[in-house]
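First up is the structure itself, then whatever we jot down about it.
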Amino acid sequence: MSSLTPKELYNKLSQEAISHDEAHQEKTRVMVGTATCGVAAGALKIKADFIREVEAKNLQDEVDIVEVGCIGHCYAEPLAIIAKPGHPAICYGHLDDGLVHRLVEDFLAGDDPSYEYAMAALERNDVFPTFEDFPRGVYEQKLILEQCGFIDARDINSYIARDGYSALAMALEEKPGWILDEVKASNLRGRGGAGFPAGRKWEACIRSKGEEIYVICNADEGDPGAFMDRSILESDPHLVIEGMILCAFAVGARKGYLYIRAEYPRAVTHVQEAIDQARVKGLLGESILGTDFSFDLEIFQGSGAFVCGEATALVNSMEGKMGMPESRPPRLAQKGYRGKPTVLNNVKTFAYVPLIIRKGAKWFKEIGTPENPGTAVFSLVGKVVNTGLVEVPMGTTLRQLIYEVGDGLPNGKEFKAVQIGGPSGGCLPETALDVPIDFDSLQDAGAIMGSGGLVVMDEDDCMVSVARYFLEFTQHESCGKCTFCRLGTKHMLDILTGITKGEGDDETLNLLEELAEDVRDGSLCNLGRTAPNPVLTTLKYFRDEYKAHILEGRCPAKVCRDLLLYYIEPPKCSKLCNVCVGSCPTEAIFTRDDGLKEIDQEKCVKCDNCLKACPDEYNAVVKLSPPVLPSEKERKAK
Amino acid sequence: MSEYVTVKIDGQEIKAKPGEKLLWVALDNDIYIPHLCGIRSEERSNASCRLCFVEIEGIPRPVTSCTKTVEDGMVVITRSERVDRLVKTAFELILSDHNLKCRECPANRNCVLQVIAKKRKIKLRHDRFKPIAREYELDDSPAGFAFDRSRCVLCGQCIWADREEAKVGAIGFTKRGINRVVTTFKDLPLAESICTQCMLCVEACPVGALFYKKKEPHTATADKS
Amino acid sequence: MQLLEGEKEQILASVDEVLKNSSKLREDLIPTLQKVQAKLGYLPALAMEKIAEGLNVPAADVYGLVTFYNQFRLNPPGKHQVKVCLGTACYMVGGDITLESFERRMEIREGETSLDRLYSLERVACVGCCTMAPVVVVDEEVEGKVTPTRVDGIMLALQDEEKKSVTEQEPNQGRGEDS
Ligand SMILES: Cc1cc2nc3c(=O)[nH]c(=O)nc-3n(C[C@H](O)[C@H](O)[C@H](O)COP(=O)(O)O)c2cc1C
Ligand code: SF4
Ligand code: FES
Ligand code: FES
């Protein structure tokens, strides 16, 4: 046992970290966003470009080039932050080699920050606006994403220098019960989808009085349109680790696991490094910060099954079995991993804990709404201008989120629906846009908060096809254990597929609705119970679209390929241009004797290429639904 | 703790051992509840067939009786509009993936599906759901029995017999979702697997998926091989 | 599938090495399978059998697990792996059309490997760069905005690379051909 108190030990770590960090800050720092989203947009190449250009100017001794995580402005990727002493740190987006060359030449070698290419400054200053000055800044409030993209995820000093692990040092001087009381008082609700109060879950676990207790972080993020958890793990892994250690101290656990999705290799690497670094600093492992509290963490990699996000399935898979859900009770808090009491929380849930301990339950409760304190984190995608990660206080309306934070829909298109909660969620129409974002209001509206995927849809999106997409996903990911989910989703999918081809009548819609309700009420686990949500909400709010498909053979959004055809309008076709002919992958477009282009409907695979290829000044390619050529229509009219 | 608890099922007062599951208590007292997957000696039911729904006073939704432990004073009804609707749909879903050529089936008149249909007055042939078309090969490699997957309802009884009674581990569930099947390692024919042909699985099968080959007396054992 | 010469030894060696550091508990089954697949690229029956023995788990259960999880493969992957994202954002802008184009060009279906073991095609859910939808991952490189015409371009590039490597190596056809 050490003679120093946890706080004293922590202060030493903190001083080390700060001086380490300051040494860095004397130099110019180029921070390239290299979370998965950045890498996909070419961030590693941009980093290499910076290194090359910096070396060409012989600046390598004055400039550090480091990798940071995702700052949430994914639409502007690849991006980098340049912090040069004497200037505010500035973020540049949409980088390419030309721009990198310029920035190195003008800003790093010269002293001109090239404001014309800057997106925003990171701190208040007299010369350039910050992200908070963006219209979305008014609505955004970053708690758990605050440091993402600004700190070096791969260096624990970067986290400690910003008060990281101070909550742990504080808590270790108190009784475990104090943490539990704070978390309970904060009314923190689980961010994995259902919103169950975290404090109550921990308490149930303590009451089970197990000799061994496990703490597991659910990072299986399987929603096919969400990546917040990945982003946090990649960009600020210590925040989650600190949260888990605090939880372990509160419930008396000695061992914890992070269950991370196999498709997230970068997250796995960053978290593993973070665990190793925390051990070296004495923040993890035996006698943490000199106390007699010991706790260690290990990563368990999932193997790609959406259902393993479900608590009991997750435990089964950790035990070396198929990821099959079990009926409950017993709950995990009584009988979880290895049959022992287990706390399972989402990545975000754990991430809030250090902040709550550091700043107090009262601070947390002042954000958001009384029943739903704190913030909501979404990955905002689809037909919206500013795609990326957003964090807003609970209670923000969908309208504010989409139009203010997301800056509305691109290309002047009409809003049609917003899909929240991924495959377990629902599609809400225009009339629901003033619903405040919180667990209870969304549930009342027929959607769920879910895992935080938020997809905006416009007039060009077909609701039947969207419902079918999500159902295909859940059907494919159903574990197959129980009757309703295994067979019910299959029949629902078959019916929906039929509707996208124009098959069915009013009875079909009734059957679909009945079956959806039964799958919801009869399935064993929440995968099956929530799978019908996309179908039920679209049937409720967009039934007319379903009817247009089956009664008129028409897809109003012109998406369902069996109900449309591609047609080149003769008056618009220029004759002289050949772009469409070249664009067609199946050589279905030919030039007629009169020079006009025409599509051989037999050969057309409806890939949309020619429509995209036809130059804007002509726009001669159109989609027709129902799939009837004008000539046939005339013939029929006669 | 008292030696027994009293529950009321369909108006009938019943004494039951604490800790017992409602399904078995009802069945022991001649109150019928449809079921395929429940295994009496297992502490936690698979709860996969979704046929054993009942209503319990104070619980807003129908619950599966195989997972519900009896509690003193519990009031249960086995039939209600909601229960019947769920059971009918679950049953019809199972039938939509079951080979319905009953006349060719060795389990004809001795099949749990026929019992459920009769007791709950649900037709075996229905037109709500289109039959799911699949091709399965018959595995008649063992000497005394055969396995026709087109009749399998995935209740898991055979696997339980293989694991817990025979202690062999020759068969198990494979694949996921709609493709889930009972099979051997590498999908080998049973006779080429580690199966000892003890036929306990055949005894366990509630339908005609695992069946004794013709002219074989029901008491046959593996001594022929 | 017939194992080629030397493959058997390689499989046994890989499994042995992974099992050496294993706790030999059932809990270790998934990590073990992951490690062996990382070495071999897939999980041949022989490897599954050895792992089942090593961890004292019925082989039928190992097989069940391998066929349950998306990550595990029973067959060797192609030399070039193309994964088409069908996450929500990608699907909404035609990811399925992109997938179809690959199927047409490779003459295989999603989830399959071409006969010459050159290409395999898979679908994945959200790669995490939805702003570049539709997204395709070609041999770990993320390609954004992949329209059917881009598919042709990607395939041509892969074929070119193949031609080059063949002329470099001369007639040796490696472990390619399935006979
Ligand atoms: C099919 C299915 C998938 C799920 N996937 C996830 C997931 O990826 N991440 C997660 O945190 N929770 C997921 N959940 C919810 C978990 O079961 C569990 O409720 C949650 O992890 C508890 O953490 P929380 O209380 O912090 O929300 C899923 C649930 C179901 C039914
Ligand atoms: S609802 Fe679906 S995923 Fe859940 S247990 Fe049933 S089959 Fe499995
Ligand atoms: S017996 Fe209860 S679900 Fe099958
Ligand atoms: S949906 Fe394809 S990258 Fe997210």
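Structure data summary
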quantity	calculated
Between helix A:237-251 and chain A: long-axis angle, C-alpha atoms, 0 to 90°, nearest 10	60
Value of D in µm² per second that Stokes-Einstein yields for region A:463-551, Kirkwood Rh from Cα pairs, at 37 °C (0.692 mPa s)	262
Normalised per residue, the volume of the convex hull around the Cα set of chain B (Å³)	146
Chain B - charge dipole about Cα centre, Lys and Arg +1 at Cβ, Asp and Glu -1, debye rounded to 20	900
Residues C:Leu12, A:Leu433, sorted so that the one with the fewest Cβ neighbours within 10 Å comes first	C:Leu12, A:Leu433
Region A:227-337: radius of gyration and largest Cα-Cα distance (Dmax), Å	14.7, 42
Pairs beyond 30 Å (Cα-Cα), from B:Lys175/C:Lys79; A:Lys201/B:Lys175; B:Lys21/B:Lys167	A:Lys201/B:Lys175
Average other protein chain Cβ within 10 Å of Cβ, residues B:81-89	3
Estimated FRET transfer efficiency when R0 is 56 angstrom, pair A:Cys577-B:Val115 (beta carbons, to 0.05)	0.20
Kirkwood hydrodynamic radius over Cα pairs of region C:80-160, then Stokes diffusion coefficient at 4 °C and 1.567 mPa s, in µm²/s	107
Between region A:504-581 and region A:302-345, the alpha-carbon center distance in angstrom	36
Estimated FRET transfer efficiency when R0 is 60 angstrom, pair B:Tyr136-A:Glu8 (beta carbons, to 0.05)	0.30
Among A:Leu145, A:His101, A:Leu172 the positive-end extreme of the charge dipole of region A:98-201 (Cβ point charges)	A:Leu172
Values of log10 I(q)/I(0), in the order q = 0.15, 0.20, 0.22 Å⁻¹, for region B:99-225 under a Debye, Cα-only, solvent-free model	-0.73, -1.25, -1.46
Centroid-to-centroid separation of region A:143-179 and region C:60-87 [C-alpha atoms, Å]	38
In sequence order, calculated HN-Hα J values of region A:92-102 (Karplus, 6.51, -1.76, 1.60; Hz; x Gly/Pro)	10, x, 6, 6, 9, 4, x, 5, 4, 3, 4
Cα gyration tensor of the protein assembly as shown - equivalent ellipsoid semi-axes, whole Å, descending	46, 39, 31
Pairs from A:Lys209/A:Lys348; A:Lys481/C:Lys24; A:Lys612/C:Lys145 whose Cα-Cα separation, in the structure shown, is over 19 Å	A:Lys209/A:Lys348; A:Lys481/C:Lys24
Number of partner chain Cβ atoms within 10 Å, mean per residue of B:183-194	3
Euclidean distance between Cα centres, region C:118-151 to region A:181-206, Å	39
Unit charges on C-beta of K, R, D, E only; dipole of the protein assembly as shown, Debye	4000
Percent antiparallel among DSSP beta bridges (both partners in region A:164-365, rounded to 5)	10
Using alpha-carbon coordinates, inclination of helix A:198-207 to the longest axis of chain A, degrees	50
Low-density loop positions, GluC sites (Glu not before Pro), region A:517-604 - DSSP coil, at most 14 other Cβ in 10 Å	A:Glu587, A:Glu602
Pairwise FRET efficiency - C:Ala38 versus A:Ser287, Cβ, R0 = 30 Å, nearest 0.05	0.30
Long-range amide H partners of A:Lys416 with built H, under 5 Å	A:Met457, A:Asp458, A:Glu459
For region A:415-497, alpha-carbon Rg over 2.2 N^0.38 Å	1.15
Cα gyration tensor of region B:5-91 - equivalent ellipsoid semi-axes, whole Å, descending	18, 16, 11
Projected area averaged over orientations for region A:311-355, convex hull of C-alpha atoms, nm²	3.5
Total charge dipole magnitude, region A:164-365, about the Cα centre, Cβ charges on Lys, Arg, Asp, Glu only, Debye to nearest 20	720
Of all DSSP beta bridges in region C:80-160, antiparallel share, percent nearest 5	55
In nm, spacing of pseudo-spin labels at C:Leu3 and A:Leu44 (7 Å Cα→C-beta vector)	3.3
Rg to Rh quotient for region A:1-111, alpha carbon positions, Kirkwood Rh	1.11
Footprinting exposure proxy for A:Trp178, B:Trp160 (fewest neighbouring C-beta atoms within 10 Å first)	A:Trp178, B:Trp160
Pair A:Leu629, A:Phe590: separation of 7 Å Cα→Cβ label points (nm)	1.1
Order of A:Ser158, A:Ser208, A:Ser114 - criterion: other Cβ atoms within 10 Å of each residue's Cβ, fewest first	A:Ser114, A:Ser208, A:Ser158
Antiparallel %, DSSP beta bridges [both residues in the protein assembly as shown], to 5	65
Cα Rg, Dmax, region C:40-101, angstrom units	16.3, 48
Dipole axis of chain B (+1 Lys, Arg; -1 Asp, Glu on Cβ), positive-most option in B:Asn29, B:Ile159, B:Pro206	B:Pro206
Segments A:88-94, A:55-61, C:61-67, A:136-142 sorted - mean Cβ within 10 Å per residue, highest first	C:61-67, A:88-94, A:136-142, A:55-61
Helix A:543-552 axis, angle to chain A major axis (alpha carbon atoms, nearest 10°)	30
Calculated SAXS-style log₁₀ I(q)/I(0) at q = 0.28, 0.32 Å⁻¹ - region B:69-118, Debye, Cα scatterers	-1.09, -1.21
Full-extension gain in nm, A:Glu503 to A:Glu602, via 0.36 nm per residue minus C-alpha separation	33.5 nm
Amide proton proximity set for B:Met74, modelled H, under 5 Å, gap of 5+	B:Lys8
Rounded to whole Hz, the Karplus (6.51, -1.76, 1.60) HN-Hα couplings of region A:306-312, x for glycine and proline	3, 5, 5, x, 5, 3, 6
Full-extension gain in nm, A:Arg124 to A:Glu174, via 0.36 nm per residue minus C-alpha separation	14.3 nm
Reciprocal mean inverse distance between Cα atoms of region C:7-68 - Kirkwood radius, Å	11.2
Where labels lie 7 Å past Cα in the beta-carbon direction, separation of C:Ser22 and A:Glu517 in nm	5.0
Kirkwood hydrodynamic radius of chain C, from inverse mean 1/r over distinct Cα pairs, in Å	18.0
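Bear in mind that the values in this text are calculations on the coordinates, not laboratory data. All values reported here derive from a predicted model rather than from experimental measurement. Every residue, glycine as well, gets a Cβ built from its backbone with ideal geometry; the counts of neighbours run over all protein chains shown.
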